[in-house]
Protein chains: 2
Amino acid sequence: MRSASVKDVAARAGVSLGTVSNVLNRPDRVSSSTRERVEAAMGELGFVRNESARQLRTGTSQTLAYVVLDASNPFFTDVARGMEGAAEAHGLSLVLCNSGQRPDREAAHLALFAQQRVQGILVTPVDPTSPLLDRTRTLGTPVVIVDRTRHDASFCSVSVDDELGGRLAVEHLVDRGHRRIAFIGGPMEIGQITDRLRGARAAWADAGRPAEDLVVLVTDWLDVAGGREAGARLAGMSSAKRPTAAFCANDLIALGLLQHAISSGTSVPEQLAIVGYDDIEFAAAAAVPLSSVRQPRHELGRAAADLLLDEAGNPDHEHRQVQFTPELVARRSTG
Amino acid sequence: MRSASVKDVAARAGVSLGTVSNVLNRPDRVSSSTRERVEAAMGELGFVRNESARQLRTGTSQTLAYVVLDASNPFFTDVARGMEGAAEAHGLSLVLCNSGQRPDREAAHLALFAQQRVQGILVTPVDPTSPLLDRTRTLGTPVVIVDRTRHDASFCSVSVDDELGGRLAVEHLVDRGHRRIAFIGGPMEIGQITDRLRGARAAWADAGRPAEDLVVLVTDWLDVAGGREAGARLAGMSSAKRPTAAFCANDLIALGLLQHAISSGTSVPEQLAIVGYDDIEFAAAAAVPLSSVRQPRHELGRAAADLLLDEAGNPDHEHRQVQFTPELVARRSTG
DNA sequence: GACGCCGATTGAAAGGTTTCATTCATCGCC
DNA sequence: GGCGATGAATGAAACCTTTCAATCGGCGTC
């Protein structure tokens, strides 16, 4: 039971095949009586337009694709929502694939989308320097890097000023009078983590504080478990050496740290102030609402989609690296 | 600069177009010397196989689609991970679209996937009774309903026994000695919410407790804000009438309730015990780790994908409604 | 030396849609 | 009543791949 084609519809409605196509694509060009006849035939036959054939003929697709780094991190799903808005405004659909931080899956998804001839690919790559990105673009599919960046200007990208974010967090802690603080995050291979740390150190130095009073605790990964473990390490320090505040490289770490503090009877923020990063929904909803560095997630997604559409459609497109400004949201976890 | 086609590759490699196709699809049929020549030509021309043309000719696609109800709920992203595993095992890709609970977007995504002739569509619908689902299947695309169900057996579906889940939660609270409890959730149009409530009431009755000692607080939606607000309502009750435990219809509600309790000085679980539902990652990581009814999220996704593949590939497929069994995970929030 | 066989290669057809230059029909107007 | 203009409908060509029956060339065998 092969599904009906325009030809079948045309036969049934007693019109030519071109007319059916006109009904589909330029309904104004067709008289209302035949239009109705054609539409009736479509209904009776259960006609579903074959997108492959359409796309083959026209060479254009109606979709943008986003290869997500980690679909279970709320940050990325919010970014994707911003993209959806932009795509919808242009009459396009956004489809997602999740790489789950696996380079092989990332590669497979990139290849699939390239073969599908999507209008363009948004990607938060496992490794932004991967030559696979260059290859994908060279082969004809526009690519925009999301929440990461290439230091040369070889790709369009959208990101947030992580150095400033680090700075904001530490300036806030300095304002609150802290004289010994911790930076918690890792792994240090991720450029953004080191940027945040650099900003943190700069702000600390600007405040005239000695470098050794900013303790760095490196975690294996940016998840809740890493935060808990860091909490245990903090608790193990002598009270003289123990920081009175912690700046965590993302909210998951901060939540883990908070959890450890509460369960071990450390009061937040009195004995330990905490600043997170990302301002995910759960940050405001934590037991002690978290201060956090907010990234404009929806704008990030929207801007990325807009850049991609420009790259895809504008003949004299130039690569741009958009950088957004983060913002500190002070809540109870810093007093 | 149109991208190269098999014809271009064939010309460059000095072979026929059929041979190029053989290199792509049956590399064993082609001598290694010509194969190398063809592959070299592909590399030089930047050939990318046109998936639309392939699909048009063969009639088969390599993808499954999942229309997610709410991509920002970690529960659904975990379900999607289970689907990814099943898809990968069959050499297929899974693509996601988010309806964000908007029926119009759900409809648009269903239409898109049907036109793309994906192998099948997994969907957590806004409304499982929507005729759109029937229409999509009638028009030729297999559909499996995820985490919802049709009460007639008209569709394959996977879900979890919500009545049992409600039962487990309340039995646990009864075991803990609570004699007055609350059910918090809503809106009541969602079948699953009412199922959980029915199970809760049944267990309560089985324990010989009077119906009026199970207080129902209806929320507008299953989010953190709803939980906070319910917390305020609980706090407003006289201590004689105030329940000593709450069973929340999902973890987001439970987290909101927990947050309210902590910030208002109510100790958990001593003054208020809390059971959530879904057992999302943040449940275990909450300030007071949440007891919760765990749904087998990955299995749910995997089973859904398997059903879909059977419906798509097996000529004498019969619709099945798979129901999984939930499990109570006791943590600190219930003592 | 002819024959048959086998693996390697070929090339035309098919798949469903869109496009566009043509044709057809109708109508108003001189 | 004939003419041009206008609007509607037509149908062949093109998009790129895969498939499959047919051809080719080389080899071993009788």
Other chains near B:276-284: what is the mean number of their Cβ atoms within 10 Å of each residue's Cβ? 2
Candidates A:98, A:50, A:250, ranked by Gaussian network fluctuation over chain A, Cα under 10 Å, top entry: A:50
The answer for residue A:94, listing residues at least 5 apart or on another chain whose modeled amide H is closer than 5 Å to its amide H, is A:64
Using alpha carbons only, how many degrees (0 to 90, rounded to 10) separate the axis of helix B:162-175 from the longest principal axis of chain B? 40 degrees
Over what distance in Å are the Cα centres of the stretch B:182-215 and the stretch A:159-216 separated? 49 Å
If you line up the long axis of helix A:74-89 against the longest principal axis of chain A, both from Cα atoms, how many degrees apart are they, to the nearest 10? 30 degrees
Return one quarter of the surface area of the convex hull spanned by the alpha-carbon atoms of the stretch A:6-49, equal to its mean projected area, in nm². 2.5 nm²
Please give the Cα centre distance for the stretch A:99-129 versus the stretch A:230-286, rounded to the nearest Å. 35 Å
Relative to the present Cα-Cα distance, how much length would full extension add between residue A:36 and residue A:17 at 0.36 nm per residue of separation? 5.3 nm
Grab the residue from chain B whose Cβ hugs the B-to-A rotation axis most tightly, plus its distance in whole angstrom. B:287, 1
Give me the mean projected area, in nm² to one decimal, of the convex hull enclosing the Cα positions of chain A. 21.5 nm²
Pick out which of A:59, A:18, A:85 has the largest mean-square fluctuation in a Gaussian network model of chain A, springs linking Cα atoms closer than 10 Å. A:18
For chain B, averaging the sequence separation of alpha carbon pairs under 8 Å that lie six or more residues apart and dividing by its residue count, the contact order in percent is 17 percent
Under the Karplus curve 6.51 cos²θ - 1.76 cosθ + 1.60, θ = phi - 60°, whole-Hz ³J(HN,Hα) for the stretch A:13-20, x wherever Gly or Pro sits: 7, x, 10, 7, 5, x, 5, 4
Highest to lowest packing among A:86-93, A:293-300, B:145-152, scored as the average C-beta count within 10 Å: A:293-300, B:145-152, A:86-93
Counting partner chain Cβ atoms within 10 Å of every residue's Cβ in B:45-56, what's the average? 6
FRET efficiency for residue B:318 and residue A:264 from the Cβ-Cβ distance with R0 = 56 Å, rounded to 0.05, comes out at 0.50
For chain A, longest principal axis from Cα atoms; helix A:251-263 axis from its Cα atoms; angle between them, nearest 10 degrees, is 40 degrees
According to the square roots a ≥ b ≥ c of the eigenvalues of the Cα gyration tensor, what is the shape class of the stretch B:198-239, taking rounded for a/c under 1.5, prolate for a/b larger than b/c otherwise, and oblate for the remainder? oblate
Between residue B:240 and residue A:108, what FRET efficiency comes out of the Förster formula 1/(1 + (r/R0)^6) with R0 = 51 Å and r the beta carbon distance, rounded to 0.05? 0.25
Scattering curve values for the protein assembly as shown, log₁₀ I(q)/I(0), Debye with Cα scatterers, q = 0.08 Å⁻¹: -0.70
Give the relative contact order (percent, whole number) for the stretch A:1-112; include only Cα pairs under 8 Å separated by 6+ residues. 22 percent
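The numbers here are math on the coordinates, done by the rules we state, and not lab data. All of these numbers come straight from a predicted model, not from anything done at the bench. Counting neighbours? That spans all protein chains shown, and the Cβs are built from the backbone with ideal geometry, glycine included.
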